[in-house]
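Report on one structure; see the data block that follows.
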Amino acid sequence: MARFVQQALDEEGHLTDIAVDGASGFAMARSQQYQLVIVDTLLPKLSGLEVCRQLRGEGHTVPILMLTALDSVDSTVAGLDSGADDYLTKPFALEELLARVRALLRRRMDRSSVLTVDDLTLDIVTREARRSNKLIQLSAREFSLLEYLMRNAGRPLSRAAITENVWGLDFDPETNVVDVYINYLRTKIDANRQKKLIRTVRGIGYMIG
């Protein structure tokens, strides 16, 4: 089932990881910056309910979609009370799973006023970018590009997707505007830094994280 769900999400353009049990899933979720966690209730070593409880207990706010074979009011309440944001009973239609994933990601974007990737933060309200708490001056277009990259942290983004979402234009294969602005951001964010956050994904485009 994990491979089936992973394939469906990958085809939607998401970058996914699989944990083989609850304990390793908990370790991955608490140590990496995922945009969404999908967890089954019945997992070896640590149940899905306990994964949710421990993540929430440590203050992690990542959206969690819980999958279960148990179809009852009590099991739904238990899942939501443990900290899950949404609940889906097996067997489920793939289209419904993907729709719920999209809804949770939209909800996360709507409520995220401060975006964080490693030691880089972007405050959407004050429009301030900082790395290691040092203020970075950005133009309006640089800010929009960085916001789009950070909202999709860990996900490779094509030049076409970047052009459409940041400039609101159809992609022109002859233009290098995306590459130019990526270089602007690299100069301001990654220059003289041992860890580079903005990466080129060969054959696709760019990603941050």
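The values are calculated or read from the model by the stated rules, or taken from the named source; none is laboratory data. Keep in mind that what you see is a predicted model, and the values were worked out from it rather than measured. Positions of Cβ are generated from backbone atoms using ideal geometry, with glycine treated the same way; all protein chains shown enter the neighbour counts. When the accessible area is computed, the model is the full protein with side chains, heavy atoms only, and any ligands, DNA or RNA have been set aside. Shrake-Rupley method; radii C 1.70, N 1.55, O 1.52, S 1.80 Å.
Ligands, DNA and RNA are left out, and with a 1.4 angstrom probe the accessible area of the chain is 56 Å² per residue.
Packing here is the average count of other Cβ atoms within 10 Å per residue, and on that basis the peptides 138-150, 22-34, highest first, run 138-150, 22-34. Rounded to the nearest 20 debye, the dipole magnitude of the chain is 860 debye, with +1 charges on Lys and Arg beta carbons, -1 on Asp and Glu beta carbons, and the Cα centre as origin. Could you work out the helix-only [θ] at 222 nm for the chain, with each DSSP H run of four or more residues adding -39,500 (n - 2.57) and the total divided by the number of residues, to the nearest 500 deg cm²/dmol? Result for the chain: -12500 deg cm²/dmol, rounded to the nearest 500.
Around P156, what is the net charge, scoring Lys/Arg as +1 and Asp/Glu as -1 over all other residues with Cβ under 10 Å from its Cβ? All intermediate terms of the calculation are to be shown ahead of the outcome.
Details: positive: R155, R199, R202; negative: none.
Here the count lands on +3.
Got a number for carbon plus sulfur as a percent of the chain's accessible area, 1.4 Å probe?
Working: 5780 of 11650 Å².
Of all accessible area on the chain, carbon and sulfur atoms account for 50 percent.
Taking amide H as placed 1.01 Å from N in the peptide plane, the amide H of L46 sits under 5 Å from that of G22, A23, each at least 5 places away or on another chain. Scaling the Cα radius of gyration of the chain by the globular reference 2.2 N^0.38 Å produces a ratio of 1.12.
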